[in-house]
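S.K.: For reference, the structure I am asking about is given below.
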Amino acid sequence: QVQLVESGGDLVQPGGSLRLSCAASGSAFSIMGWYRQAPGKQRELVAKAFSIGSTMYADSVKGRFTISRDNAKNTVYLQMNNLKPEDTAVYYCNAVERLSNKNYWGQGTQVTVSS
């Protein structure tokens, strides 16, 4: 059974930093990444990391966020620096199963950027 367990969401002031973690279990994953959904908006891609080592980012977070992946631990991290109020959202971990290409989602973790 596949499980994704997220942690790290919090309330932080503008300009601050947070690190999100997502530990996956139950399978092997070709892609692991993060999406976010702000109130009244659609869920959007933040960043994703491929098992071969490449990464991709939304334009809005380039230069501020860094995604990394520990394949041995099936864990993906999102280091978020210079946070802005517009980064406020529920952040969801996503993993694509290697053999089936099926998408799995975590339960979400709240990130609030406010003074």
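The values are calculated or read from the model by the stated rules, or taken from the named source; none is laboratory data. Predicted model, so just to flag it, every value in this text is computed and none were measured. Cβ sites come from the backbone with ideal geometry, for glycine too, and all protein chains shown count toward neighbours. Protein only, heavy atoms only, side chains kept; ligands, DNA and RNA dropped before computing areas. Shrake-Rupley method; radii C 1.70, N 1.55, O 1.52, S 1.80 Å.
S.K.: From the protein chains alone at 1.4 Å, what is the descending order of accessible area for 69, 36, 98, 43, largest first?
M.R.: 98, 43, 69, 36
S.K.: With only Lys, Arg, Asp and Glu charged, each at its Cβ (+1 for the first two, -1 for the last two), find how big the charge dipole of the chain is about the Cα centre; round to the nearest 20 debye.
M.R.: Using only the charged Cβ atoms, the result is roughly 180 debye.
S.K.: In addition: Between residue 51 and residue 82, what is the spin-label point distance in nm, taking each point 7 Å from the Cα along the Cα→C-beta axis?
M.R.: 3.4
S.K.: For 86, 97, 44, write out the residues from largest to smallest accessible area, computed with a 1.4 angstrom probe and no ligands counted.
M.R.: 86, 44, 97
S.K.: Run the Debye formula on the Cα coordinates of the chain, all scatterers equal and no solvent, and tell me log10 I(q)/I(0) at q = 0.11, 0.19, 0.22, 0.23 1/Å.
M.R.: -0.32, -0.93, -1.22, -1.31
S.K.: What is the distance in Å between the Cα centres of the stretch 23-43 and the stretch 84-110?
M.R.: Going from one Cα centre to the other spans 1 Å.
S.K.: Return the single residue from 76, 61, 46 with maximal mean-square fluctuation; model: Gaussian network over the chain, springs between Cα atoms under 10 Å.
M.R.: In this elastic network of the chain, the residue with the biggest mean-square fluctuation among 76, 61, 46 is 61.
S.K.: Over the stretch 1-104, calculate the relative contact order: mean separation of alpha carbon pairs under 8 Å at least 6 apart, over the residue count, as a percent.
M.R.: Values: 215 pairs, mean separation 36.0, N = 104.
Worked out over the stretch 1-104, it gives 35 percent.
S.K.: Could you order 20, 11 so the one with the most accessible surface comes first? Probe is 1.4 Å.
M.R.: Values: 20 0, 11 115 Å².
Greatest to least solvent exposure: 11, 20.
S.K.: So what does residue 66 come to for accessible area, using a 1.4 Å probe and Å² rounded to 10?
M.R.: About 70 Å², ignoring ligands and nucleic acids.
S.K.: Which of 58, 49, 89 moves most in a GNM of the chain, Cα contacts under 10 Å?
M.R.: In this elastic network of the chain, the residue with the biggest mean-square fluctuation among 58, 49, 89 is 58.
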